[in-house]
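Quick notes on the structure that follows.
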Amino acid sequence: MNWVIVWTLAQKELRDALRNRWFVLYTLAFLVLALAFSYLALAGAGMVGFAGFGRTAASLINLVLLIVPLMALTIGAQSLAGEQERATLAYLLAQPISRAEIFLGKYLGLLLSLFASLALGFGISGLVMTLNGSGAADPMALVTMVALAFLLSLTMLSVGFLISAFTNRGGVAVGIGLFLWLVFVFLGDLGMMGTAITMRVPIDTLFWLSLANPLQIFKMAAIFNIQATLDILGPAGIYAMQRYETYLTAIFMAGLALWVLVPAGIAFVRFHAKSDF
Amino acid sequence: MITFTHLTKRFGRYTAVDNLSFNVAPEQATALWGPNGAGKTTVIKCLLGLLRYNGTIRVDGYDAYRQGRQARRLVGYVPQELAFYEEMSTLDTARFFAQLKQAPRTEAVTLLSQVGLAEHAGKPVAALSGGMKQRLALALALLGDPPVLVLDEPTSNLDPAGRSQFLQLLAQVKAAGKTILFTSHRLEEIEQIADQVIVMERGAVRLTCPGDELATALGLRTTVKLHLPTGLLDNALDVLQRAGYAARRNGVGVLVDVHPGEKAQPIHTLNQAQIAVTDFEVESS
């Protein structure tokens, strides 16, 4: 593995992502909505103004759940398939570089661009709140939230790469990515609720089933981070608190790590074996 | 320098390359010649590790698939479909590929000058003409000074002026001692550049011959129809036949069978005999 080559490819991916109008649009939307959510967080409680970090972080969970997966899935899905469609991937593969270097370079570049986007969104909203004197009563909650959002973006980036490795056209890959986004964001919840009601799924199984959706893992981890309890999630949350309280953070981290590593690993194996360029 | 041994590539039931074996000698130019679908591009893609195949390809001893990186380090590649990052500038493109090939960054500037693109270095690749992009591809292929140059139909998308300019550059590269493997279906390119030609048909080698003997080996013939003032027809026929041409009268003109690479020679011969040709047509078979 030649890390100079990996870094050269990563830098190019980073530059391309920052020039990608959709990526910039998602980042701006995230920034504007994050600021708006921060401002309105306490409005419902009768206070108009910027909220403290802890409560703001709670209000940002749903925003992260909507925008971050969409952003990561889209750029991940385009990564390999888009280049294959434009024939630039075949030209890259004809150079004296390995497929592992190409894969890692692209992944690293997109990882950095996602990190830059999230840091910008959370950073500016945090800065504005601080300047407005709302007080950094619980800044660690925001830092942990950023870290969790970043991990969530990596899970979706890996899923995007998985789609990209199995398709040859950028448009098709993005289409599949958008469908999966819908599944993760909406259909996954509805499906699990329906399954739980009709199949009378035991509460323990329901908790473990929810870990099959990385967005649910993020949501539980984020709520647990802010409130140190999952009571708000209902019986499954209460059960998880009683049964696994000491291990919950480890369970959530392991779940997110698996969602990062497994799809990325399968995507790499497929890309390495691919020979229809 | 490059050896192909029993190379076979199948796409499902279709056999694109069928048990192909040949050698590319060092510092020589070898052409793969054949109609579309003969399997020329597939051979190149196998050499670059873009396709899996049966058989063996070795570049200076390195297995092109198992030791792909080492083999590709020895090869500069000019693709048929030029696929660059269109929004990058010409110089940034050259520097990017120089970094990937771990060639000195200064080489990017030197090679752009060498192919006549120095004044276009700041332009985005999208703004370059087809001929300029082809020259950029040649510059990128030469980064890192690889001993082998592989070109897939390098002039197929160029106009006559661009083609001529590119072939001149290629002749310079050949003179510098590079081993060249290229595909083409243009006879004049083969005759100008190739020392050896592998004629392919339906994925197999039909024949191998020196580049300048291809037309003869394939029985290719070109007929030039010369239009002349009626009063000069007999005189012209006599001059051409005395010069050794197979010439005959045809209505208001003279038909002359020539080697495909010498179409202008009969006109030159007649001009030397003070006989002006008013028009001409070319038919190949």
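The values are calculated or read from the model by the stated rules, or taken from the named source; none is laboratory data. Keep in mind that this is a model prediction, so the values were computed, not measured. Heads up, the Cβs are rebuilt from the backbone with ideal geometry, glycines too, and the neighbour counts pull from every protein chain shown. Side chains included, ligands, DNA and RNA excluded: accessible areas come from the protein's heavy atoms. Shrake-Rupley method; radii C 1.70, N 1.55, O 1.52, S 1.80 Å.
So the values come out like this:
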item	result
Part-to-part distance (alpha-carbon centres) for the range B:100-166 and the range A:196-220, which is given in Å	57 Å
Unit charges on C-beta of K, R, D, E only; dipole of the protein assembly as shown, Debye	840 debye
Residues of chain A: accessible area per residue with a 1.4 Å probe, Å²	44 Å²
Axial C-alpha extent at least 20 Å, average Kyte-Doolittle at least 1.6 - helices from chain A (DSSP)	A:21-40, A:139-166, A:248-273
Base-10 log of normalised Debye intensity for chain A (one unit scatterer per alpha-carbon) at q = 0.07, 0.08, 0.09, 0.15 Å⁻¹	-0.28, -0.37, -0.46, -1.13
Hull-based mean projected area of the protein assembly as shown, where the convex hull spans the alpha carbons, in square nanometres	35.3 nm²
Geometric extent, Cα atoms of the range A:142-232 - Rg, Dmax (angstrom)	15.3, 45
Threshold 40 Å², the range B:83-115 residues less accessible with all protein chains present than alone (1.4 Å probe)	B:Ala83, B:Tyr85, B:Glu87, B:Phe96, B:Phe97, B:Gln99, B:Leu100, B:Lys101, B:Gln102
Whole-Hz ³J(HN,Hα) from phi, Karplus 6.51 cos²θ - 1.76 cosθ + 1.60, for the range B:263-271, glycine and proline x	5, 8, 4, x, 5, 4, 4, 5, 4
nm² value of the averaged projected area, convex hull over the Cα atoms of the range A:52-207	12.0 nm²
Descending semi-axes in Å of the range B:1-43, equivalent ellipsoid built from Cα gyration tensor	21, 13, 6
Sequence-distant residues sharing a close amide H with A:Ala87 (under 5 Å, placed H)	none
Carbon + sulfur, % of accessible area of the range A:148-277 - ligands and nucleic acids excluded, 1.4 Å	72 percent
Angle between chain B longest axis and helix B:105-114 axis [Cα atoms, degrees, rounded to 10]	10 degrees
Computed over the range B:123-172, the ratio Rg/Rh where both radii use C-alpha atoms and Rh is Kirkwood	0.96
Per principal axis, descending, Cα span of the range B:120-223 in whole Å	48, 33, 26
Estimated 222 nm signal from helices in the protein assembly as shown, with DSSP H stretches of n ≥ 4 weighted -39500 (n - 2.57), rounded to 500	-18000 deg cm²/dmol
Kirkwood Rh and Cα Rg combined as Rg/Rh, the range B:139-281	1.09
Estimated translational D of chain B in µm²/s (Stokes, Kirkwood radius over Cα pairs; 25 °C; 0.890 mPa s)	117 µm²/s
Dipole magnitude of chain B, debye to nearest 20 (Cβ charges: Lys/Arg +1, Asp/Glu -1, about Cα centre)	1040 debye
Area hidden from solvent between B and A (accessible, protein heavy atoms only, 1.4 Å, total, Å²)	2500 Å²
Accessible carbon and sulfur surface of the range B:160-285 relative to its total accessible area, %, 1.4 Å	47 percent
Cross-link reach list, lysines versus A:Lys274, counting only Cα pairs under 19 Å and skipping chain neighbours closer than eight places	A:Lys106, B:Lys9, B:Lys45
Cα-based radius of gyration of the range A:77-164 once divided by 2.2 N^0.38 Å, which approximates compact folds	1.48
Amide proton proximity set for B:Gln28, modelled H, under 5 Å, gap of 5+	B:Ile180
Compactness index (Cα Rg / 2.2 N^0.38 Å), the range B:6-111	1.24
